[in-house]
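Asks: Would you mind keeping the following structure in view while I ask a few things?
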Amino acid sequence: MNLLFICPRWGSEALEPEAFVARVREAAYDGIELSATDPDPVVERVVSLARDAGLQLILQHWDIQTRDLGAHLKQFEARLRYAASFKPMFTNSHTGRNLFTLEQNREVFSCAARVAADTGVPVVHETHRGRCCHTAWRTVELLRAEPSVRIALDMSHWCCVSESLLEDQTDFVEAVVPHVDHIHARVGWAHGPQVSDPRAPEWESALEAHLKWWDRCVAHKRAVGADRLTIAPEFGPPPYLPVLPFTREPVASQWDINVHMMNLLRARYAG
């Protein structure tokens with residue numbers, strides 16, 4: 001099975017596309033993940049350079065907030081079709097709302113499935129605060145209703161929402177594992193979606209919990225003979241990354257943390 005490590009554009013937007021793609025290649029990532037909501041020449045330039053560099057491509061949709069379901073579906077479909085126009089491996093979607101009912105979120109899933117069928121670009125749905133998959137238990141409920149749905153797993157959000165390392169929710173996590181096609185390898189904790197620096201000893205228990213969850217996903221993919229699994233170390237910039245008071249200086253380097261996480265996981269799953 002191919003494990004592909006993907007670099008997020010998030011946090012590097014200040015870099016010109018040429019500099020960003022060069023940095024991604026130098027760090028030995030296999031691809032990039034970037035958001036695309038409306039037509040944007042910078043996005044188009046990043047995509048073009050990534051393709052020329054032989055990098056894999058994942059597009060991301062994340063920004064719809066309206067509570068009106070009709071308006072939400074209209075924007076959602078437009079976002080997915082724009083992302084699909086770049087012909088990425090798949091689109092990673094922040095799907096639905098946590099305040100939508102189960103049936104309303106199922107309508108959003110149906111819209112994604114229709115766009116995927118029309119464009120040939122799969123859609124995976126990220127486990128994210130504020131979205132339909134905002135908790136482990138709600139995600140399992142949705143997957144029971146829509147068993148064909150594929151997941152981009154970001155465990156950090158479930159930790160934050162549940163104020164725990166999910167010690168009493170292993171059954172829910174196990175039920176989601178077979179649906180996972182993409183991992184956002186960020187370490188969360190009981191009071192936030194991102195620890196300050198996973199290399200620090202005070203975060204050892206949080207890191208180990210996430211490593212065990214990711215281990216389960218990799219093991220399952222290998223057991224079923226999957227061709228690939230994509231992993232994006234996705235520690236974010238401020239305000240996800242804590243800053244010092246008054247100066248607002250980040251307490252660590254986002255880029256260095258993500259490269260460290262990629263190298264840690266690449267070594268952990270080698271062979």
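The values are calculated or read from the model by the stated rules, or taken from the named source; none is laboratory data. The shown structure was predicted, so the numbers you read here are calculated from the model rather than taken from an experiment. Every residue, glycine as well, gets a Cβ built from its backbone with ideal geometry; the counts of neighbours run over all protein chains shown. Just the protein is used for accessible areas: all its heavy atoms, side chains included, with ligands, DNA and RNA removed. Shrake-Rupley method; radii C 1.70, N 1.55, O 1.52, S 1.80 Å.
Asks: Let me spell out the model: positive unit charges on the Cβ of Lys and Arg, negative unit charges on the Cβ of Asp and Glu, origin at the Cα centre of the stretch 39-150. What dipole size does that give, in debye rounded to 20?
Replies: Working: 15 positive and 12 negative charges, 28 e Å.
Dipole of the stretch 39-150, to the nearest 20 debye: 140 debye.
Asks: If the reach is capped at under 18 angstrom between alpha carbons, list the aspartates and glutamates near Lys74, excluding any in the same chain fewer than eight residues apart.
Replies: The qualifying aspartates and glutamates are Asp38, Asp63, Glu103, Glu107, Asp118.
Asks: Once you've got the GNM for the chain with C-alpha springs shorter than 10 Å, pick whichever of Met155, Met89, Met261 has the biggest mean-square fluctuation.
Replies: The residue that fluctuates most here is Met89.
Asks: Give me the number: length gained by fully extending Trp62 to Glu44, i.e. 0.36 nm times residue separation minus the C-alpha to C-alpha distance, one decimal in nm. Walk me through the numbers on the way to the answer.
Replies: Numbers: separation 18, 0.36 × 18 = 6.48 nm, distance 1.77 nm.
Net length gain for the segment: 4.7 nm.
Asks: Could I ask something else about it? So, with +1 on the Cβ of K and R and -1 on the Cβ of D and E, and no other charges, what is the size of the charge dipole of the chain about its Cα centre, to the nearest 20 debye? If you can, show how the numbers build up before the last one.
Replies: Numbers: 28 positive and 35 negative charges, 103 e Å.
Here the chain has a charge dipole of around 500 debye.
Asks: Multiply the residue gap between Met1 and Ser205 by 0.36 nm, knock off their C-alpha separation, and tell me the result in nm, one decimal place. Could you put the intermediate results ahead of the total?
Replies: On the way: separation 204, 0.36 × 204 = 73.44 nm, distance 2.85 nm.
Taking 0.36 nm per residue and subtracting the Cα distance, the gain is 70.6 nm.
Asks: Which whole DSSP H helices in the chain pass both tests: a Cα extent of 20 Å or more along the axis and a mean Kyte-Doolittle value no lower than -0.5?
Replies: Details: long enough: 69-84 (22 Å, -0.21); 102-119 (26 Å, -0.18); 204-223 (28 Å, -0.74); 254-268 (21 Å, -0.35).
Flagged H segments are 69-84, 102-119, 254-268.
Asks: So what's the net charge close to Val115: Lys and Arg +1, Asp and Glu -1, counting the other residues with Cβ under 11 Å from its Cβ?
Replies: On the way: positive: Arg79, Arg81, Arg114; negative: Glu77, Asp118.
Once all neighbours under 11 Å are counted, the net charge is +1.
Asks: Between Ala53 and Leu102, 0.36 nm times their residue separation minus their Cα-Cα distance comes to what?
Replies: Contour length minus Cα-Cα distance gives 13.4 nm.
Asks: Cross-link candidates for Lys212: which lysines have Cα within less than 28 Å, leaving aside residues fewer than 8 places away along the same chain?
Replies: Output for Lys212: Lys221.
Asks: Residues of the chain: accessible area per residue at 1.4 Å, in Å²?
Replies: Values: 11840 Å² over 271 residues.
With all protein chains present, the chain gives 44 Å² per residue.
Asks: For the chain, what is the calculated [θ] at 222 nm in deg cm²/dmol (nearest 500), taking -39500 (n - 2.57) for each run of four or more DSSP H residues and dividing by its residue count?
Replies: Working: 9 runs with 116 residues, N = 271.
Rounded to the nearest 500, the figure is -13500 deg cm²/dmol.
Asks: Something else about it: Take the Cα of Arg144, step 7 Å along the line toward its Cβ, and report every residue of the stretch 87-121 whose backbone nitrogen sits under 15 Å from that point.
Replies: 102-103
Asks: Of Gln169, Pro88, Asn105, which is farthest along the charge dipole of the chain in the positive direction, counting Lys and Arg as +1 and Asp and Glu as -1 at C-beta?
Replies: The residue sitting most towards the positive pole is Pro88.
Asks: What shape does the stretch 80-224 take by its C-alpha gyration tensor, where a ≥ b ≥ c are the square roots of the eigenvalues and a/c under 1.5 counts as rounded, a/b above b/c as prolate, and the rest as oblate?
Replies: Working: a/c = 1.80, a/b = 1.59, b/c = 1.13.
Prolate, since a/c reaches 1.5 and a/b exceeds b/c.
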